[in-house]
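Only the coordinates and a few stated rules stand behind these numbers; no lab work does. Since the model is a prediction, treat every value here as computed from it, not as a measurement. So basically every Cβ, Gly included, is an ideal-geometry build from the backbone, and we count neighbours across all protein chains shown.
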Amino acid sequence: MEKTKTRYKDFIMQYLTAMDPNQVITTEQVARYVAGRLLQETVMVKKAVNVNMARLEKEGQIMRLTKGVYCRKVKTAFGYYTPDKETLFCKQLLRNENEVIGYETGLSELNRIGLVSQMPKKRCIATNLHKKRIPKGMQIEIRKPPIMVNADNFRYLQILDVIRELDMAPVDTAKPVDVVRAVAQEFALETDQLILMARKYYGQKTLVRTIDIMLEGNYEAARG
């Protein structure tokens, strides 16, 4: 029995030390890894993994971000280094391992691409995990995306959110349309696909605006 407990801890430490310190670690991921090493079903090792993760937190080797979510603490010559909790939480909303599940949107995205100079108080994320509770003190806003986000559509949804919010945001760049087109070109977005998604998942105003911008029409006419 003692040998089994040791193996659990050893396998968990193997997984943790292989992870980038700036990577979010979930007990679900750890349990899948341990189960694979022990040739067992994930459900059979979950309880033991949770117990061991809690012990490692008490020992100061990992830091708990929220329920079932941790990050590594890395020992340096100057003490322990721990990544920024807020940044790690955002990563969890944007990706599930290698799967894209969210994208930045709202005022923080408009600021990031240069449409507004105003620095927002909160970072806004549209994510499939839109029901997730935000830990107290984190300056993050979560939104429900128009459709389930994946690697194929997140850039399209992101630019369509930008187009939708052009009138509502304090845009202060001289040529906002040029910025939007440049971003669309940077990510090689197809105009037909962008217009199709605007028609299916956004309002009429956003559709008209998208057609006008992407087909190089007059932006002011679209605003009317």
- Name the shape class, rounded, prolate or oblate, that the alpha-carbon gyration tensor gives for region 104-217, where a ≥ b ≥ c are the square roots of its eigenvalues, rounded holds for a/c under 1.5, and otherwise prolate holds if a/b is larger than b/c and oblate otherwise. oblate
- Determine the gain in length on full extension of the stretch TYR201-ASN50; use 0.36 nm per residue of separation and subtract their C-alpha separation, reporting nm with one decimal. 50.3 nm
- Query: Quick one: which of 110-123, 93-106, 132-145 comes out on top by average Cβ neighbours within 10 Å, and what's the full order, highest first?
  - Reply: 93-106, 110-123, 132-145
- Task: Run the numbers on region 1-128 and let me know its relative contact order in percent, using alpha-carbon pairs under 8 Å that are six or more apart.
- Result: 19 percent
- Message: Students often forget the sequence filter, so: which lysines lie under 21 Å Cα-Cα from LYS175 once same-chain residues fewer than 8 apart are removed?
- Response: LYS205
- Mean-square fluctuation maximum in Gaussian network of the chain, Cα pairs under 10 Å, restricted to PHE154, PHE11, PHE187, hits PHE187
- Message: Charges on Cβ only, +1 for Lys and Arg, -1 for Asp and Glu, centred on the Cα centroid of the chain; of LEU93, ALA77, ILE159, which one is farthest towards the dipole's positive end?
- Response: ALA77
- Net charge of neighbours whose Cβ lies under 11 Å from the Cβ of GLU141, counting Lys and Arg as +1 and Asp and Glu as -1: +3
- Item | Estimated dipole of the chain in Debye, rounded to 20 [Cβ of Lys and Arg +1, of Asp and Glu -1, Cα centre] | 1420 debye
- Message: Going through the cross-link list LYS85/LYS132; LYS67/LYS122; LYS73/LYS136; LYS47/LYS85, which pairs have a Cα-Cα distance over 18 Å in this structure?
- Response: LYS67/LYS122; LYS73/LYS136; LYS47/LYS85
- What angle, in degrees between 0 and 90 and rounded to the nearest 10, separates the Cα long axis of helix 85-94 from the longest principal axis of the Cα atoms of the chain? 70 degrees
- Query: In a GNM of the chain with a 10 Å cut-off on Cα contacts, which of ALA198, ALA182, ALA18 has the highest mean-square fluctuation?
  - Reply: ALA18
- Note down the relative contact order for region 131-224 as a percent, whole number, built from C-alpha pairs under 8 angstrom at least six residues apart. 28 percent
- Message: Compute a Gaussian network model of the chain, connecting alpha carbons closer than 10 Å, and tell me which residue from THR26, THR76, THR127 fluctuates the most.
- Response: THR76
